[in-house]
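Heads up, the thing below is written out as structure tokens.
The values are calculated or read from the model by the stated rules, or taken from the named source; none is laboratory data. No experiment lies behind these values; they were computed from the predicted model shown. Counting neighbours? That spans all protein chains shown, and the Cβs are built from the backbone with ideal geometry, glycine included. Only protein heavy atoms, including side chains, enter the accessible area calculation; ligands, DNA and RNA are left aside. Shrake-Rupley method; radii C 1.70, N 1.55, O 1.52, S 1.80 Å.
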Amino acid sequence: DSPLCLHRSVEKFLQIGLVVLIGILLAGNLASLFQGADNLNIMRVFSGDEVSTVKRVMRNIKHGDLNPRGFYNYGYVYHSMGYLASQVLKIAGIKPNAHILALVFRFISFLSFGLSGFLLYRLYRRYFSGSVLVGLLLWALLLSVPKFSYWSRLTHPDTLQTGFVLLAILLAFSRQTAGAFWGGAAIAGLAFGTKYSGLFIFPFLFIPYF
């Protein structure tokens, strides 16, 4: 019994350590969301895409539409979420400007970052019957990927697309029913509408039916 108790104690200690690490990674990224968001010129230093996205959606807000105006490098789901969030802020009496919109987009990126890690954890636990320890390790590893972490603090659709891809798989694999398949397909459509590379998730939705 003693070696078994020792093993459980060590595993519990490692689990707590990973939870703390995940918390630190999330807290660090959350704290940096405000960095440079008050000035478009400073934002341009970190990412030119960020400034162009904010300006593009500010035009949408001005005209009251979701017209991409010739922008087809990515889909427009990420932009649309920022636009819809700006309309909610308007209802709340907050007039969106470039600074506020940048923070809205960054917060969307950050939430998608954290949820992507959780969805990966759930996928591993549910479909591979893996241990909590390894699931937490996968969560921490995803949040530690330098580029993924970088985009979680800026206006960029990568983390949102990752979240949609993982959610599509989680739904499609949840049960072998038409509802689960079409639910996963709908979320995969949002992944594709965020960035076109989301198209490649569609073939994997059929795996549970073979």
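Between ASN67 and SER174, what is the label-point separation in nm under the 7 Å Cα-to-beta-carbon projection? Placing both labels 7 Å along Cα→Cβ, they lie 3.8 nm apart.
Answer with a single label: of (1) 1, 8, 16, 22, 22, 17, 10, 3, 1, 0; (2) 1, 6, 11, 12, 13, 13, 13, 12, 9, 5, 3, 1, 0, 0; (3) 1, 7, 13, 15, 16, 15, 12, 9, 6, 3, 1, 1, 0, 0, 0, which was calculated as P(r) over Cα pairs in 5 Å bins from 0, in percent from the structure in view? Among (1) 1, 8, 16, 22, 22, 17, 10, 3, 1, 0; (2) 1, 6, 11, 12, 13, 13, 13, 12, 9, 5, 3, 1, 0, 0; (3) 1, 7, 13, 15, 16, 15, 12, 9, 6, 3, 1, 1, 0, 0, 0, the one calculated here is (3). Calculated [222 nm] ellipticity per residue, helices only, for the chain: -23500 deg cm²/dmol; basis is -39500 (n - 2.57) per DSSP H run with n ≥ 4, divided by all residues, nearest 500.
By the scheme Lys and Arg +1, Asp and Glu -1, what is the net charge of all other residues having a beta-carbon under 12 Å from that of VAL134?
Net charge in that neighbourhood comes out at 0.
Compared with the dominant principal axis of the Cα atoms in the chain, helix 158-172 is inclined by about 50°. The peptide list 26-33, 72-79, 163-170, 108-115, put in order of mean Cβ contacts within 10 Å with the highest first, becomes 163-170, 108-115, 72-79, 26-33. Straightening the chain between ARG126 and PHE148 buys 5.5 nm, computed as 0.36 nm per residue apart minus the Cα-Cα spacing. The relative contact order of the range 73-153, computed from alpha carbon pairs under 8 Å that lie at least 6 residues apart in sequence, is 28 percent.
Here the Gaussian network model covers the chain, with springs between Cα atoms less than 10 Å apart; of SER152, SER131, SER86, SER131 fluctuates the most. As an exercise, use a Förster radius of 25 Å and the Cβ-Cβ distance of LYS12 and LEU141 to find the FRET efficiency, rounded to the nearest 0.05. Approximately 0.80, to the nearest 0.05. Could you provide, to the nearest whole Å², the per residue accessible area of the range 10-121 with probe 1.4 Å? Counting only protein heavy atoms, the per-residue value for the range 10-121 is 53 Å². Relative contact order, whole percent, for the chain stands at 22, derived from Cα pairs under 8 Å and 6 or more residues apart. FRET efficiency for the pair ILE207 and ILE24, taken as 1/(1 + (r/R0)^6) with r the Cβ-Cβ distance and R0 = 45 Å, rounds to 0.80.
With a cut-off of 12 Å between beta carbons, the residues surrounding LEU30 carry a summed charge of +2, where Lys and Arg count +1 and Asp and Glu -1.
Straight Cα distances below 17 angstrom link LYS195 to the aspartates and glutamates ASP49, GLU50, ASP158, with same-chain residues fewer than 8 positions distant left out.
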